[in-house]
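Trainee: What follows is a single structure, and I will ask about it in a moment.
Please treat every number below as a calculation from the coordinates, not as lab data. Owing to the predicted nature of the structure, the values given are computational and were not obtained by experimental measurement. Reconstructed Cβ throughout: ideal geometry from the backbone, glycine too, with neighbour counts over all protein chains shown.
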4 protein chains.
Amino acid sequence: MNRVKTAIVGASGYSGMELLRLLLGHPGVELAAATSRQEAGKPLSAVFPRFAKAAGAELAFMEPDPDAIAATGAQAAFLALPHGVAAEIARALLERGLKVIDLSADFRLNDPSVYQEFYGHEHPAPDLLDEAVYGLPEVRAEEIKAARLIASPGCYPTSILLPLLPLLRRKLVDPATIVANSMSGVSGAGRKADVSLLFCECNESARAYGVPKHRHLSEIEQELSIAAGEPVVVSFIPHLIPVTAGIATTTTAKLAAGAKPEDIGAALEEAYAGEPFVRLLGRGVPADTKNVTRTNFIDIGWQYDPRTNRVLLMSAEDNIGKGAGGQAVQSFNLMFGFAPIEGLQNL
Amino acid sequence: MNRVKTAIVGASGYSGMELLRLLLGHPGVELAAATSRQEAGKPLSAVFPRFAKAAGAELAFMEPDPDAIAATGAQAAFLALPHGVAAEIARALLERGLKVIDLSADFRLNDPSVYQEFYGHEHPAPDLLDEAVYGLPEVRAEEIKAARLIASPGCYPTSILLPLLPLLRRKLVDPATIVANSMSGVSGAGRKADVSLLFCECNESARAYGVPKHRHLSEIEQELSIAAGEPVVVSFIPHLIPVTAGIATTTTAKLAAGAKPEDIGAALEEAYAGEPFVRLLGRGVPADTKNVTRTNFIDIGWQYDPRTNRVLLMSAEDNIGKGAGGQAVQSFNLMFGFAPIEGLQNL
Amino acid sequence: MNRVKTAIVGASGYSGMELLRLLLGHPGVELAAATSRQEAGKPLSAVFPRFAKAAGAELAFMEPDPDAIAATGAQAAFLALPHGVAAEIARALLERGLKVIDLSADFRLNDPSVYQEFYGHEHPAPDLLDEAVYGLPEVRAEEIKAARLIASPGCYPTSILLPLLPLLRRKLVDPATIVANSMSGVSGAGRKADVSLLFCECNESARAYGVPKHRHLSEIEQELSIAAGEPVVVSFIPHLIPVTAGIATTTTAKLAAGAKPEDIGAALEEAYAGEPFVRLLGRGVPADTKNVTRTNFIDIGWQYDPRTNRVLLMSAEDNIGKGAGGQAVQSFNLMFGFAPIEGLQNL
Amino acid sequence: MNRVKTAIVGASGYSGMELLRLLLGHPGVELAAATSRQEAGKPLSAVFPRFAKAAGAELAFMEPDPDAIAATGAQAAFLALPHGVAAEIARALLERGLKVIDLSADFRLNDPSVYQEFYGHEHPAPDLLDEAVYGLPEVRAEEIKAARLIASPGCYPTSILLPLLPLLRRKLVDPATIVANSMSGVSGAGRKADVSLLFCECNESARAYGVPKHRHLSEIEQELSIAAGEPVVVSFIPHLIPVTAGIATTTTAKLAAGAKPEDIGAALEEAYAGEPFVRLLGRGVPADTKNVTRTNFIDIGWQYDPRTNRVLLMSAEDNIGKGAGGQAVQSFNLMFGFAPIEGLQNL
């Protein structure tokens, strides 16, 4: 197999760590560079002892310099950087001929004014938005194959969009009634020294946060609106729970007039029957995060409540797997012609 | 202080343990009896080493025999028994002159046919339903004071009802749009040998369950309907998360036509300003279970989302505290003339 | 009851939080001041929402200024400050007539050169060492009653000393063979923004640290040597485990020549039979941290292994309870004439 | 690659689940049979939803019948059964021409009387003990290659033996002074419905158990004695901590007369330099379970304390990985001529 030289920019956080885990084990990848301002000069294995003895783990972190990254011969770069910062380095790497898979929010929104509304500053590279592809492989495989810039979706959006999109496309649920409740592991908040993320602050705790307008709402509503063919506005309530990894999302919406409950299952089946990373659990079966952690799977179960005429969608994914690093590698596989499950067959 | 001789029937589960914790420390209580079929003959402290050296913890568990319980001189009995079983012993104890605070579902529903629908068997004591008081002290203090049979509410219902009732009474939210998502600690599932409750099955796991028609829906809708003055049907999705204790509930509903967002805060303030166990966090402040575990508090924050016109209610309580044992003791205090916070001042 | 005006200096960490919890609930205490440089001006309940609605929790944090503290009329001060910092403010408060209970290491060591060896800087107040009493109430109740400066013991030392001291006094174990292994909850590392203490770094992790010469060794060996009547040097290996609170310690030592296994139990019984906070579990019964969290108890079990001639001592305490705040309050009760269990009857 | 048809007997517990995980992903294995009395007839993916969509996961559990297992064409069988039960089926499978890798204790002890002493019943197959090989691949690779019956070591023994054996062989530590303290995740206790293993009983808990004579002592001492060339008796104290997987062990022993501290590191390096699954962390570096979970690595750090003349060995492994399933697969690779890391390259 022809190995693709690959860089991870911003590899010392939790999404970066997951990308390292996946790419060090990907048979089609040669990890050419991993950057971290604060860990520059140290081998990967010194920062993440978990990777010691893995082939490639003696590579040293480098500064995130576009020329230096390009000089490694890297053909592809994953960006696991804060929004605002990612756009600039994405442009520099694109100019140097790399394909870029950005895990930040910088290229997820088609409309720069929505970016400004939700992220609080002007979009740093509006000219690149046109070519950026929102990288949900189950939805845009063909565009991803042809893209040189992927905006890999956020963790919450993935868990909400994949169950809902097929239903909206078929107009099976009433878009005005959508409420999504998510519970996320603490890794989703990042690897930063913050008292609120200490073990003793998160253990034995469950709490909502970021209401009513979490940043991820912007991309959620963009994609739901595309699928529905009309503007969709939803309620989204994220919660933090004491697990390291995993998101469980429960989404409710009214069944549309004229739709039948069994249409829900049929729509999901039709949309995902051939998808390697979507596992449909069927009617009445809840999804459990413990079955998907460290994998690229999203598990989806559904239920219908005749008493309220509401559909329930229950999904589970690993927030740093299918919700971040795994999904980005899934796009990478499409872009570079690998089999979909290459490097993603974690059990 | 005149101490009330008190029995706990079914004291070897988690609600029973919480009742033991509270009553052993209640200055107005003399624990006269604690029953457990499987632990009969053993001192409380042998089954729960946590209570060793507490005054009263050398009392031995006894069989749940009504005559034997009455013979201890007990004036009050807390029942922490499975539904179906509780009704029978409640009747026997009432006949022997005890006041009964039942933590099971047996007396929570006014309509025995709803009981049959949700619990799957005929109501075991329909003639007692009339006098049973649904024991939400913030709602029915006067009736509780006069009652001899209290149906202490379920853990989920408490976390959903207290934030919602004042809004429904004032018609501030549209009852047809209510969706409640709850996350519960594992103690809520009881202290029973069941593989699905093992540490390794619950740790690093988050999952919905019991959809779409969890048994607690029956009492939730009963009480919501009373407050709304019309039949209310809601969606309720419980989830299990890896904490020992605590329930966090997020409830959403559309703001009613004509209502203003600030009416929400005002209604909560008016309802609970003088209540010792309700802490109103105000607008935009989520409730965190870690602030209420091992207390009888329920914390309530709220938010309004103008984009969707939805109200968000965020509540947190200890599922075996305010959601079970604590609330039962709160009723007990009313029934026996103690100060509301007696025995419940846990920090 | 005559209430003692009391200050907590450094009340925004985990030991400070536990002191707040205990003193807000202590019937003999009026909390007159709580200091925190970073939280000055905020009410206690804003920093620790858990305490909201507790009487006294609307007190605002103040700067740690000795004059301001004295001006509140405080008669006693608990110091929950870093070593090195505590000594200075202790002196200032003593000069202003307060009794001081210091939870730092500053006054625990009789010999300032040992302090320098273990803490890496010159002792900040060697002239005060003579009058400081190492505050293990089970060992030095009389001196504590008479003291104006208490050096409250460290969390690890408490869990090691209480089981061992009676055995060394009677020469039942060989001091040269002592090995103590401890497992501590993460609260023991403090409430500081440090990546290594993040939820995701501590969850699903168990690791030794601070070997071979943890700072607590200095006070452990000092107290063991006093009991043995000869210099004692031991091995002590602390470990971090994913619980919020609790220390479990297993200590092994060879049974001394001439001693009998049953002497171990007898020595423990004799030492602690009348002690309200020591629970002797007997031979063969391990101690479990879950039975002591949020209490001032230390549970002690023991075992003897004839195959190796080793005694095993198994102890459990709450590291911020009996290992910090609870024990400090225990000394306070002695100093101010309260019943030993006043304010410490947490179940 | 020629795939070896393989059976897992007793595949519904946690070790069985780990074997499933490893063998479903092993490129040299065709999973021919998985047995479970209680799950017989169900597909693997129904019992373990985590494995859904993995190739092979639709295989149905079957009854543990030796003829039926042999009829699948299986050439190798892993036994994850209780001791006592394993021996009988091992014999039956050997008679049918399979190679057997037994994860129970049944063939670990050379001396059947020691088995009787520690396991409380007569050895069920003493005639097979001679040919059984205690399967520590780092110690007996050549014998494992030639064996048809492997007794795969216990989880605790692996974590204690690998660090100690090289030191005893070189007489660098005094065997009479060995004390091993281990902390294990709850999966080590098995997947059985037992109240003591419930989430609420293990969470926020740390406790010793099985003292002073845990069953694993028998194999620990057997192997240590072989290495030392003399009978070795040690103290071993296991503890249960709230993690799903992982064992951290700290072992102390006096440095032998004439040995130098640096000899420790040198002995470990010499023994394990070429070993793919032993990671030597060097002097002063503790091992952390979070770096080894779901891998076949054992991490080993060491320290020397001149104050006590004690050596400290700190090891970490996954109790169901290197401590059970992974190690068994490591032997399997040797027996069937695969590369050592085949199927074990989990990151």
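Trainee: Collect residues whose amide H, placed 1.01 Å from N in the peptide plane, falls under 5 Å from the amide H of residue A:150; neighbours closer than 5 in sequence don't count.
Mentor: A:100, A:101, A:102, A:133
Trainee: Any idea what Rg and Dmax come out to for the stretch D:270-347 if you just take the C-alpha atoms, in Å?
Mentor: In order Rg, Dmax, the Cα atoms of the stretch D:270-347 give 14.2, 49 Å.
Trainee: Looking at the stretch D:170-221, I'd like the Rg to Rh ratio, where Rg is from alpha-carbon atoms and Rh is Kirkwood's inverse mean 1/r.
Mentor: Rounded to two decimals, Rg/Rh equals 1.09.
Trainee: Taking chain B as a Gaussian network, Cα atoms linked when under 10 Å apart, which of B:149, B:255, B:197 shows the biggest mean-square fluctuation?
Mentor: Of B:149, B:255, B:197, the most mobile in the Gaussian network model is B:197.
Trainee: Also, quick follow-up: Mind telling me which of C:76, C:176, C:324 comes out most flexible in a GNM of chain C, alpha-carbon contacts under 10 Å?
Mentor: C:176
Trainee: Compute the acute angle (0 to 90°) between the alpha-carbon long axis of helix D:137-146 and the principal axis of greatest extent of the alpha-carbon atoms of chain D; round to the nearest 10°.
Mentor: 40 degrees
Trainee: So what is the relative contact order of the stretch A:4-131, in percent, for Cα pairs below 8 Å that sit 6 or more residues apart? Provide the component values of the computation, followed by the final result.
Mentor: Values: 226 pairs, mean separation 28.7, N = 128.
Computed over the stretch A:4-131, the figure is 22 percent.
Trainee: Bins of 20 Å, beginning at zero and ending with the bin holding the largest distance: percent of Cα pairs per bin for chain D, please.
Mentor: Whole-percent P(r) values from 0 Å outward: 32, 59, 9, 0.
Trainee: At residue D:72, with labels set 7 Å past Cα in the Cβ direction, how many nm apart are the copies from this one, shortest first?
Mentor: 4.3, 5.4, 6.9
Trainee: Another one. Where Rh is the Kirkwood radius over the Cα pairs of the stretch D:156-319, the temperature 4 °C and the viscosity 1.567 mPa s, what D in µm²/s does Stokes-Einstein return?
Mentor: Working: Rh = 16.2 Å.
For the chosen part, D equals 80 µm²/s.
Trainee: Rounded to the nearest 20 Debye, what is the dipole magnitude of the protein assembly as shown about its Cα centre when Lys and Arg each give +1 and Asp and Glu each give -1 at the C-beta?
Mentor: About 0 debye.
Trainee: Go ahead and estimate [θ] at 222 nm for chain A from helices alone: -39,500 (n - 2.57) per DSSP H run with n ≥ 4, summed, over the residue count, rounded to 500. List each step's numbers first, then the result.
Mentor: Numbers: 11 runs with 104 residues, N = 347.
Helix-only estimate at 222 nm: -8500 deg cm²/dmol.
Trainee: In degrees, nearest 10, range 0 to 90: what is the angle between the Cα axis of helix C:85-95 and the longest Cα principal axis of chain C?
Mentor: So the helix axis and the longest Cα principal axis differ by about 60 degrees.
Trainee: Count the net charge of all other residues whose Cβ sits under 9 Å from the Cβ of residue C:229, scoring Lys and Arg as +1 and Asp and Glu as -1. Don't jump to the answer; show the numbers that get you there.
Mentor: Working: positive: C:169, C:171; negative: C:230.
That sum, taken over residues with Cβ under 9 Å, equals +1.
Trainee: Still on this model: In Å and on Cα atoms, what radius of gyration and Dmax does the stretch C:4-131 show?
Mentor: Using the Cα atoms of the stretch C:4-131, the pair Rg, Dmax is 14.8, 47 Å.
Trainee: Can you give the FRET efficiency for residue A:3 and residue A:63, using 1/(1 + (r/R0)^6), R0 = 30 Å, r = Cβ-Cβ distance, to the nearest 0.05?
Mentor: Using R0 = 30 Å, I get an efficiency of 0.80.
Trainee: Can you list, shortest first in nanometers, how far residue A:266 lies from the same residue in the other copies, with each label 7 Å from Cα toward Cβ?
Mentor: 5.0, 7.8, 8.5
Trainee: Now for a different question. Grab the alpha carbons of the stretch B:59-192, take their convex hull, and tell me the volume per residue in Å³. The partial results should precede the final answer.
Mentor: Working: hull volume 19.9 nm³, N = 134.
About 149 Å³ per residue, rounded to a whole number.
Trainee: Counting residues in the stretch D:256-299 as N, plug N into 2.2 N^0.38 Å and put the Cα Rg over that result. Walk me through the intermediate numbers first.
Mentor: Numbers: Rg = 12.3 Å, N = 44, 2.2 N^0.38 = 9.3 Å.
In units of the 2.2 N^0.38 Å rule of thumb, it is 1.33.
Trainee: If you don't mind, another one. Just to confirm a number: summing +1 for Lys and Arg and -1 for Asp and Glu over residues other than residue A:291 whose beta-carbon lies under 13 angstrom from that of residue A:291, what do you get? Write down the numbers at each step before the final one.
Mentor: Values: positive: A:279, A:290, A:294, A:322, B:207, D:21, D:50, D:53; negative: A:288, A:299, A:317, A:318, B:201, B:204.
Every neighbour counted, the sum reads +2.
Trainee: Straight-line reach from residue C:260: which lysines have a Cα under 20 Å away, not including same-chain ones fewer than 8 places off?
Mentor: The qualifying lysines are C:171, D:213.
Trainee: Oh, and also: Work out the P(r) tail for the protein assembly as shown: percent of alpha carbon pairs separated by more than 62 Å, whole number.
Mentor: On the way: 113072 of 962578 pairs.
Every Cα pair in the protein assembly as shown considered, those over 62 Å come to 12 percent.
Trainee: I'd like the orientation of helix C:155-169 relative to chain C: the angle between its Cα long axis and the longest Cα principal axis, in ° from 0 to 90, rounded to 10.
Mentor: 40 degrees
Trainee: So if the hydrodynamic radius of the stretch D:144-246 is defined as the Kirkwood radius over C-alpha pairs, what does Stokes-Einstein give as its diffusion coefficient at 20 °C and 1.002 mPa s, in µm² per second? Working shown, then result.
Mentor: Numbers: Rh = 15.2 Å.
This corresponds to a translational diffusion coefficient of 141 µm²/s.
Trainee: Relative to the other copies, what are the label-point distances for residue D:339, with labels 7 Å from Cα along the C-beta vector, expressed in nm at one decimal and sorted shortest first?
Mentor: Once sorted, the set of distances for residue D:339 reads 1.7, 7.2, 7.4 nm.
Trainee: Only Cα pairs under 8 Å and at least 6 apart count here; give the relative contact order of chain A as a rounded whole percent.
Mentor: 17 percent
Trainee: Let me ask something additional. Which shape class applies to the stretch A:1-40: rounded if a/c is under 1.5, otherwise prolate when a/b exceeds b/c and oblate if not, where a ≥ b ≥ c are the square roots of the Cα gyration tensor eigenvalues? Before the final figure, lay out each step's value.
Mentor: Values: a/c = 3.65, a/b = 1.80, b/c = 2.03.
Oblate, since a/c reaches 1.5 and b/c is not below a/b.
Trainee: Under a cut-off of 25 Å between alpha-carbon atoms, report the lysines in cross-link reach of residue C:145, not counting same-chain residues fewer than 8 places apart.
Mentor: In chain and number order, the partners are B:53, C:5, C:99, C:322.
Trainee: Let me ask something else. For residue A:192, give me every one of the aspartates and glutamates with a C-alpha distance below 13 angstrom, ignoring sequence neighbours fewer than eight places off in its own chain.
Mentor: Cross-link targets: C:194, C:201.
Trainee: Okay, which of the stretch B:309-337 sit inside 20 Å, backbone N to the point 7 Å along the Cα-Cβ direction of residue A:225?
Mentor: What the label zone holds, given the 20 Å backbone N cut-off, is B:309-310.
Trainee: Select from B:234, B:195, B:29 the residue whose mean-square fluctuation is largest in a Gaussian network model of chain B (Cα-Cα springs shorter than 10 Å).
Mentor: B:195
Trainee: Can you tally the net charge around residue B:254? Count Lys and Arg as +1, Asp and Glu as -1, for every other residue whose Cβ sits under 9 Å from the Cβ of residue B:254.
Mentor: Working: positive: B:310; negative: B:174.
Every neighbour counted, the sum reads 0.
Trainee: What is the distance in Å between the Cα centres of the stretch D:98-152 and the stretch D:66-87?
Mentor: Spelled out, the Cα-based centre of one part sits 15 Å from the other.
Trainee: Return the whole-Å distance between the Cα centroid of the stretch A:173-211 and the Cα centroid of the stretch D:171-249.
Mentor: Rounded to whole Å, the Cα centres lie 36 Å apart.
Trainee: Using the charge dipole of the stretch D:4-131 (Lys, Arg: +1 at Cβ; Asp, Glu: -1 at Cβ; taken about the Cα centre), state which of D:125, D:51, D:100 has its Cα farthest towards the positive end.
Mentor: Positive-most Cα among the choices belongs to D:51.
Trainee: Dipole of the stretch B:4-131, Cα-centred, from +1 at each Lys and Arg C-beta and -1 at each Asp and Glu C-beta, to the nearest 20 debye? Don't skip to the end; give the middle numbers.
Mentor: Values: 10 positive and 17 negative charges, 155 e Å.
Here the stretch B:4-131 has a charge dipole of around 740 debye.
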